[in-house]
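K.L.:
Sharing a structure here in structure tokens format.
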Amino acid sequence: MYLYQQKNTTQLELNRGTGFTLLELLVVMSLVSLLAVIAAPSYNNMRKNVALDTQRQEIVSALRTAQQRSIASRGFEPHGIHFGTDSFSMFSPSYSTTFELQGDIEFIDGENSDVIFDRLTGEADIPNQVIVSVGYDDGIKRAITISESGAISSL
């Protein structure tokens, strides 16, 4: 009988070492929480950058569309873009289409200005150049430059 009890005790001791203690689980959960706290701001900045790049591309596309419509003399009239505070509009004397900026994005520079492209040449009817910036209050922004010659570039 003594050998039987000793065998059960040894098996109990083996089973006792095959799990995680509460302390080990708490340490792992603390490390995972710490990594999440560190990664959250980076993820938020990445999300803002992607949204800004998408918005910038939409504005550049609208500018180029308005310029191409002017060069093609569509409707025999010039076409342009109006920049509001939280939207921009593609227009000509016969139509206007408004596009809202996404989420918290707003025009930082160049709001309430117009860029009108000349018929046939596509040159911008502006003195020197216009810089339009879209961004957030915290300083993340993207710039779009329209030169007098009609060249459109974005940074």
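K.L.:
Regarding residue 108, is this residue on the phi < 0 side of the Ramachandran plot and touching a strand residue (DSSP E or B) at 6+ places or on another chain (Cβ under 7 Å)?
P.N.:
Working: on the phi < 0 side of the Ramachandran plot: yes; touching a strand residue (DSSP E or B) at 6+ places or on another chain (Cβ under 7 Å): yes.
Taking the combined requirement at face value, the residue satisfies it.
K.L.:
Suppose we filter 50, 37, 60 for residues that are modelled with pLDDT of 90 or more and β-branched (Val, Ile, Thr); which single one remains?
P.N.:
Values: 50 fails: modelled with pLDDT of 90 or more; 37 fails: modelled with pLDDT of 90 or more.
Every option except 60 fails the conditions.
K.L.:
When the residues of the stretch 106-130 are narrowed to those that are β-branched (Val, Ile, Thr) and over 24 Å from residue 44 (Cβ atoms), which ends up surrounded by the fewest Cβ atoms within 10 Å (Cβ to Cβ)? Before the answer, list the steps.
P.N.:
Pass one, the stretch 106-130, residues β-branched (Val, Ile, Thr): 108, 115-116, 121, 126, 130.
Restricting the remaining residues to those that are over 24 Å from residue 44 (Cβ atoms) gives 115-116, 121, 126, 130.
Working: 115: 23, 116: 17, 121: 12, 126: 17, 130: 19.
Residue satisfying both the conditions and the ranking: 121.
K.L.:
Next question. In the stretch 20-46, which residue that is surrounded by 10 or more Cβ atoms within 10 Å (Cβ to Cβ), among the hydroxyl-bearing types (Ser, Thr, Tyr) and more than 26 Å from residue 155 (Cα to Cα) is nearest to the chain's Cα centre (by Cα)?
P.N.:
The residue in question is 33.
A quick yes/no check of all residues on (1) surrounded by 13 or more Cβ atoms within 10 Å (Cβ to Cβ); (2) of a type in the set (Gly, Ala, Ser); (3) part of a helix (DSSP H, G or I):
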site	(1), (2), (3)
48	yes, no, yes
60	yes, no, yes
75	yes, yes, yes
80	yes, yes, no
99	yes, no, no
104	no, no, no
139	no, yes, no
145	yes, no, no
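K.L.:
Is there any pair linking a residue in the stretch 40-55 that is farther than 18 Å from residue 99 by Cβ to one that is surrounded by 10 or more Cβ atoms within 10 Å (Cβ to Cβ), with Cβ under 7 Å and at least six apart or on different chains, and which?
P.N.:
48/136; 48/140; 49/140
K.L.:
Right, another one. Condition test on residue 133, is it under 19 Å from residue 54 (Cβ atoms) and either within 16 Å of the chain's Cα centre (by Cα) or surrounded by 17 or more Cβ atoms within 10 Å (Cβ to Cβ) (or both)? Step through it out loud before you land on a result.
P.N.:
Values: under 19 Å from residue 54 (Cβ atoms): yes; either within 16 Å of the chain's Cα centre (by Cα) or surrounded by 17 or more Cβ atoms within 10 Å (Cβ to Cβ) (or both): yes.
Judged against the criteria, residue 133 is a match.
K.L.:
Going by the structure shown, is residue 30 in a helix (DSSP H, G or I), more than 18 Å from residue 146 (Cβ to Cβ), modelled with pLDDT under 90 and of a type in the set (Ser, Thr, Tyr)?
P.N.:
Details: in a helix (DSSP H, G or I): yes; more than 18 Å from residue 146 (Cβ to Cβ): yes; modelled with pLDDT under 90: no; of a type in the set (Ser, Thr, Tyr): yes.
Criteria not met by residue 30.
K.L.:
Could you tell me whether the stretch 60-73 includes any residue that is charged (D, E, K, R) and touching a residue at least 60 places away in the same chain (Cβ under 8 Å)? It would help to see each step written out before you state the result.
P.N.:
The initial filter retains those residues of the stretch 60-73 that are charged (D, E, K, R), namely 64, 69.
Now drop any that are not touching a residue at least 60 places away in the same chain (Cβ under 8 Å), which leaves 64.
Yes, there is a match, as at least one residue in the stretch 60-73 is charged (D, E, K, R) and touching a residue at least 60 places away in the same chain (Cβ under 8 Å).
K.L.:
Turning to a different aspect of this structure: Within the stretch 120-129, is even one residue among the aliphatic types (A, V, I, L, M), assigned to a loop (DSSP other than H, G, I, E, B) and in contact with a strand residue (DSSP E or B) (Cβ under 8 Å, 6 or more places away or on another chain)?
P.N.:
Yes, because at least one residue in the stretch 120-129 is among the aliphatic types (A, V, I, L, M), assigned to a loop (DSSP other than H, G, I, E, B) and in contact with a strand residue (DSSP E or B) (Cβ under 8 Å, 6 or more places away or on another chain).
The values are calculated or read from the model by the stated rules, or taken from the named source; none is laboratory data. Just so it is clear, the model here is predicted, and its values are computed rather than measured. Note: ideal-geometry Cβ built from the backbone for every residue, glycine included; neighbour counts use all protein chains shown.
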